[in-house]
Amino acid sequence: MFTYNDLLGYMKRALRNGSWFKLPRLERALYRASLILAKMKGKILNADLITQLLEIIEKLLTPKMRIMKLGFQKAKELITAYKKGYLSWCPELLEWLTDKNYIFWLGLKAQNPLLHY
C-alpha cells in the first residue's frame with residue numbers, strides 16, 4: 001500500500017539526488033500517474049501497480065540506501081538467531097544492532113562478502 005505522501009517523498013528524494021532523470025520516460029509517466037491516483041483515492045491498493053512501483057522505487061534508491069536496506073535485512077536475521085538462542089553467547093549484539101554504523105557495515109558485508117576488515 002502506498003499513500004500520496006510516500007510516493008511524493010520518494011520522488012522528491014530522487015529529484016534531489018538526480019536518479020529521477022535516469023529513469024526511462026515510461027516509468028516516470030507511470031510513477032506520476034500513480035502519484036495523481038494516490039492523491040485522488042488516498043492510497044494505492046492494486047497489487048500489480050504496487051509491484052511496478054516497488055521496482056521503480058528500487059531504481060531510485062541511492063547506493064547508501066541500498067546498503068542500509070541490506071544491513072537491516074541482515075540485522076533481522078541476527079535478531080531472529082539471537083531469540084532462538086544461537087547467539088546468546090554475545091549479549092552485546094542487541095546493542096550493536098541499534099547502531100547505524102554497525103548496520104551499514106553489515107550491509108556492506110552482505111553486498112560484498114569478499115570485503116575483509
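For this structure, a couple of remarks:
- Taking Cα centre as origin and charging only the Cβ of basic (Lys, Arg, +1) and acidic (Asp, Glu, -1) residues, the dipole magnitude of the chain rounds to 480 debye.
- Phi-derived couplings, Karplus 6.51 cos²θ - 1.76 cosθ + 1.60 at θ = phi - 60°, listed residue by residue for region 14-21: 5, 5, 5, 8, x, 6, 4, 7 Hz, with x used for Gly and Pro.
- Think of it as helices only: each DSSP H run of n ≥ 4 in the chain is worth -39500 (n - 2.57), and spread over all residues that comes to -23000 deg cm²/dmol at 222 nm.
- Across region 2-61, the relative contact order, built from alpha-carbon pairs under 8 Å that are at least six residues apart, equals 51 percent.
- Hull-based mean projected area of region 2-61, where the convex hull spans the alpha carbons, in square nanometres: 3.5 nm²
- Close amide H partners of Leu87, meaning residues 5 or more places away or on another chain with modelled amide H under 5 Å apart, are Tyr82.
- Hz values of 3J(HN,Hα) by residue in region 24-38 - Karplus curve (6.51, -1.76, 1.60), Gly and Pro given as x: x, 4, 5, 5, 5, 5, 4, 5, 5, 5, 5, 4, 5, 4, 5
- Computed over the alpha-carbon pairs of region 64-111, the distance histogram in 5 Å steps reads 5, 25, 31, 22, 13, 4, 1 percent, short to long.
- Value of Rg to Rh for the chain (Rh from inverse mean 1/r over Cα pairs, i.e. Kirkwood): 1.10
- Computed from backbone phi with θ = phi - 60° and the Karplus coefficients 6.51, -1.76 and 1.60, the 3J(HN,Hα) list for region 65-72 is 5, 5, 5, 5, 4, 4, x, 5 Hz; x is used for glycine and proline.
Bear in mind that the values in this text are calculations on the coordinates, not laboratory data. Predicted, not measured: the structure shown is a model, and the values here were computed from it. Cβ coordinates were reconstructed from backbone atoms using ideal geometry, including for glycine residues, and neighbour counts include every protein chain displayed.
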